[in-house]
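Bear in mind these aren't lab numbers, they're just calculated from the coordinates by the rules spelled out. Just so it is clear, the structure is predicted and the values come from calculations on it, not from any experiment. When we count neighbours, we look across all protein chains shown, and the Cβ atoms used for this are built from the backbone with ideal geometry, even at glycine.
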Amino acid sequence: MWLRVCATRVLLMKLNSSRIAHPMSNMFIKSIRSSLIKNSCAYGFLASLVFLTAGPAMVNADEHGKKAQEYLEKAIKSGKEGSTEGVVSHTEEARKELIKQNKDHPYTNLQKPIYGEYEKVEHDKEIFEEMDVAIDEAKGGHTQEAVEAVERASIHLQEKEQTR
């Protein structure tokens, strides 16, 4: 598109600088100028519309990530106080926030992933696996193992947020 606009502008400059005696040249130049103005306004409006609609989704995804981190910290605190129910409930809330985050801002999943190519997807998988381990350990009454799993999930979440 930009190439077309640039080529049209070059054509306009050539037509303006040359002394073409063609009677339609001024009308041709005016029609090209008006179409350029209309097209640039339309594309500018379209770009701003895309930006305005995509912006809140990105902010929403960041908020869900922050809430998930807060829930994981609460789960760690509950686990250190000896409350397995707190670990389970806070970890499940963090899981819900991460699911909402992934709905707002989904990541690409390949059929045959290459290690390190999609870091966010890899961290997401690790976060959910560690949260599953934490919930299972907490339900089994193993508070220390549950806290360790939640701490690993929290580290993966922090690393995921830093890969942006």
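Here are some notes:
- Counting only residues that are within 27 Å of the chain's Cα centre (by Cα) and among the hydroxyl-bearing types (Ser, Thr, Tyr), region 132-164 holds 2 of them.
- The residues of region 79-91 that are over 11 Å from Ala134 (Cβ atoms) and assigned to a helix (DSSP H, G or I), listed by number, are Lys80, Glu85, Gly86, Ser89.
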